[in-house]
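Presented below is the structure to which this report refers.
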Amino acid sequence: MAGKVKWVTDIEKSVLINNFEKRGWVQVTENEDWNFYWMSVQTIRNVFSVETGYRLSDDQIVNHFPNHYELTRKDLMVKNIKRYRRELEKEGSPLAEKDESGKYLYLDFVPVTYMLPADYNLFVEEFRKSPSSTWIMKPCGRAQGKGIFLINKLSQIKKWSRDSKTSSFVSQSPKEAYVISLYINNPLLIGGRKFDLRLYVLVSTYRPLRCYMYKLGFCRFCTVKYTPSTSELDNMFVHLTNVAIQKHGVSAAFPLGFGKPTAFVGFRPLLPAGGGEWLQDLPVMNNDKHCFECYGYDIIIDDKLKPWLIEVNASPSLTSSTANDRILKYNLINDTLNIAVPNGEIPDCKWNKSPPKEVLGNYEILYDEELAQGDGAERELRSRPGQSLGPRGGRSRDSGRTVLTTWK
């Protein structure tokens with residue numbers, strides 16, 4: 001389509017704006033005709049709300065799916081992963097296999113988690129099985145480490161309930177809901193300090209599912225050496241890796257780098273069993289041809305080198321604290337735009353093809369449902385006696401480019 005892409009954003013970050021300007025796109029206001037809107041999660045609620053009745057045209061795309069919160073809100077993420085497990089069990093999938101103690105062999109990638117107030121009695125029952133354990137409480141609707149604290153006694157929850165000025169858990173409103181998870185108290189340490197990993201996953205469509213993983217990411221370090229001592233449970237500089245918290249803990253006593261993101265390459269094996277395929281089994285996700293989304297996955301590795309999914313972020317930070325951090329995020333946005341807006345031209349939402357490998361940059365295909373189904377049909381045909389694939393059988397391989405493979 002002829003013409004320049006007209007862009008809007010309510011997130012004033014240089015890594016975004018520089019990428020738009022590099023493509024020669026034209027900035028407009030939200031009240032003018034636009035083609036591309038990189039918006040906050042608050043704005044996306046208004047765009048897709050019933051009250052506004054806003055309808056996007058085929059030449060408009062946005063950077064969030066309508067109900068992204070089913071994956072990115074802490075309580076809903078856990079709820080949907082539990083649902084995914086139950087469905088696999090019902091199907092008799094080998095992914096749902098358990099060991100003798102009843103633990104999942106392949107699906108045990110999130111810490112034991114309960115929703116409060118709804119699961120309070122279940123949590124108490126679990127807590128009493130191991131009264132010396134430590135748990136971490138997080139408000140469902142907040143970010144940047146706000147409202148998080150650790151507990152190792154039931155009395156601390158009762159005190160929190162009183163401090164919240166609620167007579168009972170049942171009386172809490174949804175906005176005050178928390179998740180409480182078994183704390184990973186044996187994290188892998190570097191320089192004696194706890195860290196986590198930020199991985200990026202881009203979803204261009206949920207129906208059919210097509211998602212990509214970024215080869216680059218970064219580590220976030222605590223500024224104070226880790227200790228499992230109960231006397232340090234209140235010290236967030238020991239336990240929380242959020243940059244928003246750790247930036248206040250950096251001092252001359254610590255080597256430069258701790259408390260700041262540090263880049264890494266190639267941590268794809270850390271994603272949950274099934275790779276990106278588990279996203280396909282989130283029927284609650286509303287697909288919309290006008291949407292794509294780049295998620296930030298937070299992973300913690302324990303001292304047995306087991307990765308744990310902590311949460312998924314709908315708006316991973318684009319703020320840069322170092323030069324390397326800025327370069328990484330600039331390239332992340334560049335590669336994301338190359339996939340979401342092919343050739344930098346005015347979007348056409350009827351376009352639903354896999355982009356050629358040469359435009360992926362540092363992304364690699366994580367799961368492509370169409371390719372997976374095509375490969376499955378081809379294998380089934382080959383397995384039938386006397387059957388062969390003619391020029392019209394299976395998926396075409398004569399396009400002159402390498403067909404992207406799926407990862408399972």
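The values are calculated or read from the model by the stated rules, or taken from the named source; none is laboratory data. The shown structure was predicted, so the numbers you read here are calculated from the model rather than taken from an experiment. Every residue, glycine as well, gets a Cβ built from its backbone with ideal geometry; the counts of neighbours run over all protein chains shown. Only protein heavy atoms, including side chains, enter the accessible area calculation; ligands, DNA and RNA are left aside. Shrake-Rupley method; radii C 1.70, N 1.55, O 1.52, S 1.80 Å.
Considering L332, L337, which residue is modelled with pLDDT of 60 or more, buried (at least 17 other Cβ atoms within 10 Å of the Cβ), hydrophobic (A, V, I, L, M, F, W, C) and within 15 Å of the chain's Cα centre (by Cα)?
Numbers: L337 fails: within 15 Å of the chain's Cα centre (by Cα).
Of L332, L337, the one residue that is modelled with pLDDT of 60 or more, buried (at least 17 other Cβ atoms within 10 Å of the Cβ), hydrophobic (A, V, I, L, M, F, W, C) and within 15 Å of the chain's Cα centre (by Cα) is L332.
Do we find that P139 is open to solvent by 20 Å² or more (accessible area, probe 1.4 Å) and out of contact with any Leu (no Cβ under 9 Å at 6 or more places or on another chain) in this structure?
Details: open to solvent by 20 Å² or more (accessible area, probe 1.4 Å): no; out of contact with any Leu (no Cβ under 9 Å at 6 or more places or on another chain): yes.
Spelling it out, it is not the case that P139 is open to solvent by 20 Å² or more (accessible area, probe 1.4 Å) and out of contact with any Leu (no Cβ under 9 Å at 6 or more places or on another chain).
So that you can scan it fast, the table gives a plain yes or no per residue for (1) modelled with pLDDT of 95 or more; (2) over 24 Å from the mean Cα position of the chain (by Cα):
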position: C140; (1), (2): no, no
position: K153; (1), (2): no, yes
position: R198; (1), (2): no, no
position: V201; (1), (2): yes, no
position: Y206; (1), (2): no, no
position: Y214; (1), (2): yes, no
position: R220; (1), (2): no, no
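Check region 165-184 and report whether any residue there is at pLDDT below 90, open to solvent by 50 Å² or more (accessible area, probe 1.4 Å), within 24 Å of the chain's Cα centre (by Cα) and β-branched (V, I, T).
There is no residue in region 165-184 that is at pLDDT below 90, open to solvent by 50 Å² or more (accessible area, probe 1.4 Å), within 24 Å of the chain's Cα centre (by Cα) and β-branched (V, I, T).
If only one of E87, E51 is open to solvent by 10 Å² or more (accessible area, probe 1.4 Å), of a type in the set (D, E, K, R) and at pLDDT below 90, which one is it? Break it down into steps so the answer makes sense when it comes.
Working: E87 fails: at pLDDT below 90.
The match here is E51.
If I ask for residues that are among the aliphatic types (A, V, I, L, M) and touching a residue at least 60 places away in the same chain (Cβ under 8 Å), which ones from region 329-368 would you list? Step through it out loud before you land on a result.
Going residue by residue through region 329-368, those that are among the aliphatic types (A, V, I, L, M) are 332-333, 337, 339-341, 346, 359-360, 365-366.
If the condition is that a residue be among the aliphatic types (A, V, I, L, M) and touching a residue at least 60 places away in the same chain (Cβ under 8 Å), then L332, I333, L337, I339, A340, V341, I346, L360, I365, L366 are the ones that fit.
Out of curiosity, is K353 closer than 30 Å to V26 by Cβ, open to solvent by less than 50 Å² (accessible area, probe 1.4 Å), basic (K, R) and at pLDDT 65 or above? So that I can check it myself, show each step before the final result.
Working: closer than 30 Å to V26 by Cβ: yes; open to solvent by less than 50 Å² (accessible area, probe 1.4 Å): no; basic (K, R): yes; at pLDDT 65 or above: yes.
No; evaluated as a whole, the condition is false for this residue.
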